[in-house]
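Right, one structure below, let's go through it.
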Amino acid sequence: MPQKNKSSQAGLASRAKGGKRSQRKGADGERELAAILREYGYPTKRGGSMSFGDVPDLVGLPGIHIEVKRAEQVRLSEWMAQALRDSKRFRDGIPAVFHRRSHEAWHVTMSLSDFMTLYSAKIHNFPRKEVSANGIDAKPTEGNSSAAVQSIP
């Protein structure tokens with residue numbers, strides 16, 4: 001067998017090993033975040049072991065679609081696109097990416113309009129103003145958000 005094939009096979013084995021490590025890291029991140037959210041009083045649990053997108057990463061945070069990412073390379077645009085697609089598919093709330101790198105704190109990323117929906121509902125109890133995609137005021141409306149927002153305790 002030519003030398004090229006042996007190195008090619010070694011490369012495939014290495015990538016497979018890295019893929020399993022990545023899956024394990026992701027599952028560990030889901031378990032870790034679920035435990036933290038349970039400490040806040042939410043009955044959060046993993047959607048499914050190695051579900052590959054068939055169920056949400058985590059369930060139990062009312063009104064929020066949770067996309068969990070435990071990775072060193074931060075790809076927020078890609079992750080938010082996935083969260084948006086999955087939130088529409090599962091119809092489980094506002095898309096949010098919960099993410100962290102090794103030895104760092106958890107962060108949450110969501111669109112500004114979704115953040116303002118949550119902020120207005122909880123902090124000020126103001127009606128939400130609709131804005132265009134570029135952030136310029138469109139027209140004031142009350143309760144006109146496409147996302148179902150539930151009360152945050």
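The values are calculated or read from the model by the stated rules, or taken from the named source; none is laboratory data. Computed from a predicted structure; not experimentally measured. Every residue, glycine as well, gets a Cβ built from its backbone with ideal geometry; the counts of neighbours run over all protein chains shown.
Output the number of residues of the range 79-105 satisfying the condition of being in a helix (DSSP H, G or I) and within 19 Å of Phe115 (Cα to Cα).
Of the residues in the range 79-105, 10 are in a helix (DSSP H, G or I) and within 19 Å of Phe115 (Cα to Cα).
Pick from Ala133, Ala148: which is in a loop (DSSP other than H, G, I, E, B), touching a Lys or Arg at 6+ places or on another chain (Cβ under 9 Å) and modelled with pLDDT under 95?
Ala148
Can you say whether Val55 is hydrophobic (A, V, I, L, M, F, W, C), farther than 26 Å from Lys122 by Cα and at pLDDT 95 or above, as far as the supplied structure shows?
Taking the combined requirement at face value, the residue does not satisfy it.
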